[in-house]
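FYI, it's all coordinate maths here, none of it is from the lab. Just so you know, these numbers come straight off a predicted model, no measurement behind them. Because the Cβ atoms are built from the backbone with ideal geometry, glycine has one as well, and the counts that use them run over all protein chains shown.
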Amino acid sequence: MNYNSCQATLEILIVEDNPGDIFLTQETLKNLKIPNRIHVVRDGEEALAFLHQQGEYQTAPRPDIILLDLNLPKRNGREVLEVMQGNHTLKEIPVIVLTTSLADREIFKGQNLRANCYIPKPYDLSQFDQIVRAIEHLG
């Protein structure tokens with residue numbers, strides 16, 4: 001998935017319930033050199049509805065990259081990943097997991113959950129640059 005100015009827009013799905021983190025992530029993604037369109041859902045159920053194009057998300061595009069918080073209401077990030085891995089189309093979408101601790105990565109290994117990248121959840125705007133680098137690397 002290499003994007004340049006001649007190609008389609010990168011569809012990014014942010015799955016995050018914290019308004020402050022959503023804002024900082026959106027601000028950070030303005031630094032991407034890849035044309036992009038950002039979609040935001042605030043819990044695990046909305047994420048799965050978006051991915052399955054159900055309800056209000058019937059016309060939602062297939063994301064090219066997902067930024068997934070683990071601690072979500074309704075269904076957590078681990079549950080979202082489990083559903084994605086059980087679907088041959090969805091499991092191909094790169095996922096960047098935003099973790100609050102290094103222990104989360106070990107939990108994922110033990111549960112056989114796959115993510116392309118684990119990034120400690122940034123606490124300020126300067127740390128959000130890690131997200132941009134990860135997306136550009138995956139893109």
Query - Distant alpha-carbon pairs in the stretch 22-76 (separation over 17 angstrom), percent - result: 43
Report task. Taking the Cβ of Ala47 as the centre, find all other residues whose Cβ is under 11 Å away and add up their charges (Lys, Arg: +1; Asp, Glu: -1). Result -> -4
Query raised in the report: ³J(HN,Hα) across the stretch 49-60 via Karplus (A = 6.51, B = -1.76, C = 1.60, θ = phi - 60°), whole Hz, x for Gly/Pro?
Result: 5, 4, 5, 9, 6, 10, x, 5, 9, 4, 9, 5
Query raised in the report: In a shell of Cβ-Cβ distance under 13 Å around Glu56, excluding Glu56 itself, what net charge do Lys and Arg (+1) and Asp and Glu (-1) give?
Result: -1
